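Report on one structure; see the data block that follows.
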Amino acid sequence: MSQRIYFHGETGRCQILIDDSMSQLSACLAGQEIIIITDDNVNRLYNQLFPPARDIIILQSGEGTKTLLTVESIYRQLLCVSADRSTFILGIGGGVVSDITGFVASTFMRGLRFGFVPTTLLAQVDAAIGGKNGVNLNGFKNMIGVVNQPDFVLIDFSFLKTLPAKELANGFSEIIKCAAIASRDLFELLEEESEQALRLDNDLLRRIVGETVRIKTAIVSLDEKDRGQRKKLNFGHTFAHALEKAYRITHGEAVSLGMILAANLSVKKNMLEAAEASRIRKLLQMFGLPVSMKFDRDKIVEPIHQDKKKSGQMIDFVLLRSIGEASVERLRFSEVGEAIDDLCES
Ligand SMILES: NC(=O)c1ccc[n+]([C@@H]2O[C@H](COP(=O)([O-])OP(=O)(O)OC[C@H]3O[C@@H](n4cnc5c(N)ncnc54)[C@H](O)[C@@H]3O)[C@@H](O)[C@H]2O)c1
Ligand SMILES: [Zn+2]
């Protein structure tokens with residue numbers, strides 16, 4: 001049985017259909033004329049499943065496409081095919097496609113209606129959920145953007161069968177993050193069923209993705225515009241962003257290492273029991289995610305310091321009180337630096 005989650009935010013309403021099928025898309029579209037935005041990989045693999053559309057805009061796959069240049073070229077293509085305020089924009093693809101689609105649709109002619117069919121696990125649990133849409137500028141991630149909800153997000157697990165293992169791990173990293181900050185039950189389910197999950201068992205995915213989407217939407221609905229509560233979703237991310245910039249590793253791998261750092265720091269602050277931190281480490285390993293890495297501490301510490309300088313020597317950091325309970329703590333920068341040193345030497 002598929003599940004529905006309804007999100008009502010300041011920036012709109014969104015219906016999230018979990019474990020639905022592309023064949024149900026016509027019910028969501030209700031006869032509206034659509035233009036599809038996708039990328040070359042997804043188009044090659046799934047074009048035959050796309051609904052009839054006035055036009056299909058195919059982007060080059062990859063993070064490098066998330067620029068204002070791409071956005072402008074899409075605006076021009078929309079003009080070319082005479083898109084107007086009644087045109088519906090459908091993004092079919094991973095997080096790059098949904099971020100660009102949401103931004104283009106929210107800004108073209110001051111806003112067209114739009115929806116997403118996320119095709120990566122990361123997009124299904126994270127990028128397509130919550131209403132943040134945007135592009136990068138000068139290599140800085142998501143500098144330009146809007147918060148605006150799509151009309152719907154249709155999650156069909158059959159897309160995941162063609163997803164490379166690394167991309168799948170990216171999704172599981174964010175799923176483990178959500179479990180660690182907000183749901184002990186989900187964490188235990190992942191511990192018990194990791195093999196089945198990696199085999200993409202459909203019933204299990206429905207439970208795991210359903211719960212992760214519920215966690216993200218619950219946090220977002222408390223704080224859609226990212227003023228406080230939403231910071232919890234950044235668990236593991238401060239360190240991850242610095243690591244990703246300095247080394248060629250995936251976002252999921254970087255977040256995994258960032259969660260190890262944050263869990264260690266939570267233990268050091270006497271907030272989390274050491275045994276709980278070990279469980280987090282073990283679970284990440286079960287999903288093929290890294291838990292240690294040789295890195296140059298100066299390449300990591302300085303950028304974090306630079307980034308946070310505006311707020312003096314203090315830094316907001318998401319720590320854990322237990323598995324399933326996070327809190328945002330204001331730490332001295334030196335404490336974070338020491339934890340990075342420990343991880344570097346471990
Ligand atoms: N808006 C948000 O709240 C939010 C949250 C998290 C991440 N993001 C953004 O999402 C992006 C990352 O998303 P992503 O990990 O989905 O990356 P992605 O969109 O680059 O997709 C990863 C790769 O998988 C391919 N692909 C997509 N679906 C496939 C399928 N079913 N089978 C085979 N290959 C497939 C893509 O072509 C691409 O090469 C980043 O730009 C990040 O900033 C946004
Ligand atoms: Zn992330």
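Give the number of residues within the stretch 1-29 that are among the polar types (S, T, N, Q) and free of Cβ contacts under 8 Å to residues at least 12 places away in the same chain.
Result for the stretch 1-29: 1.
Residues checked against (1) within 24 Å of the chain's Cα centre (by Cα); (2) not aliphatic (A, V, I, L, M):
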{"site": "41", "(1), (2)": "yes, yes"}
{"site": "46", "(1), (2)": "yes, yes"}
{"site": "49", "(1), (2)": "no, no"}
{"site": "52", "(1), (2)": "no, yes"}
{"site": "61", "(1), (2)": "yes, yes"}
{"site": "76", "(1), (2)": "no, yes"}
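Could you tell me whether residue 86 is more than 22 Å from residue 159 (Cβ to Cβ), surrounded by 22 or more Cβ atoms within 10 Å (Cβ to Cβ) and either in contact (Cβ under 8 Å) with a residue 12 or more places away in the chain or in contact with a Gly (Cβ under 6 Å, 6 or more places away or on another chain) (or both)?
no
Would the stretch 44-56 turn up any residue that is within 21 Å of residue 130 (Cβ to Cβ) and crowded, with 18+ Cβ neighbours inside 10 Å?
For the stretch 44-56, residues within 21 Å of residue 130 (Cβ to Cβ) and crowded, with 18+ Cβ neighbours inside 10 Å: absent.
Show me the helices (runs of 4 or more DSSP H) found entirely inside the stretch 9-119 where at least 1 residues are in the same structural domain as residue 133 (by TED's automatic domain parsing), more than 16 Å from ligand 2 (Cβ to nearest atom) and in contact with a helix residue (DSSP H, G or I) (Cβ under 6 Å, 6 or more places away or on another chain).
Answer list for the stretch 9-119: 40-46, 68-80, 95-107.
Conditions tested, residue by residue: (1) modelled with pLDDT of 95 or more; (2) within 26 Å of residue 315 (Cα to Cα); (3) aromatic (Phe, Trp, Tyr).
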position	(1), (2), (3)
181	yes, yes, no
190	yes, no, no
205	yes, no, no
216	yes, yes, no
225	no, yes, no
230	no, yes, no
237	yes, yes, no
248	no, yes, no
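Residues that are within 16 Å of ligand 2 (Cβ to nearest atom): which helices (runs of 4 or more DSSP H) entirely in the stretch 163-210 hold 1 or more of them?
Filter on the stretch 163-210 gives 165-182.
Would you confirm whether any residue within the stretch 140-158 is closer than 22 Å to residue 19 by Cα, part of a helix (DSSP H, G or I) and touching a residue at least 24 places away in the same chain (Cβ under 8 Å)?
There is at least one residue in the stretch 140-158 that is closer than 22 Å to residue 19 by Cα, part of a helix (DSSP H, G or I) and touching a residue at least 24 places away in the same chain (Cβ under 8 Å).
Can you find a residue in the stretch 97-111 that is more than 11 Å from ligand 1 (Cβ to nearest atom), under 23 Å from residue 15 (Cβ atoms) and of a type in the set (S, T, N, Q)?
Scanning the stretch 97-111 turns up at least one residue that is more than 11 Å from ligand 1 (Cβ to nearest atom), under 23 Å from residue 15 (Cβ atoms) and of a type in the set (S, T, N, Q).
Can you name the number of the only condition in (1) at pLDDT below 95; (2) within 22 Å of residue 215 (Cβ to Cβ); (3) not acidic (Asp, Glu) that residue 280 fails?
(1)
Could we say that residue 216 is more than 30 Å from residue 341 (Cα to Cα), of a type in the set (D, E, K, R), under 16 Å from the mean Cα position of the chain (by Cα) and in a helix (DSSP H, G or I) here?
Against the criterion (more than 30 Å from residue 341 (Cα to Cα), of a type in the set (D, E, K, R), under 16 Å from the mean Cα position of the chain (by Cα) and in a helix (DSSP H, G or I)), residue 216 qualifies.
I'm told residue 134 meets every condition in (1) within 16 Å of ligand 2 (Cβ to nearest atom); (2) in a strand (DSSP E or B); (3) within 20 Å of residue 8 (Cα to Cα) except one. Can you identify the failing condition by its number?
Condition (3) is where residue 134 drops out.
The values are calculated or read from the model by the stated rules, or taken from the named source; none is laboratory data. Treat the numbers as computed from the prediction; the structure is a model and nothing was measured. Using ideal geometry, Cβ is built from the backbone for each residue, glycine included, and neighbour counts are taken over all protein chains shown.
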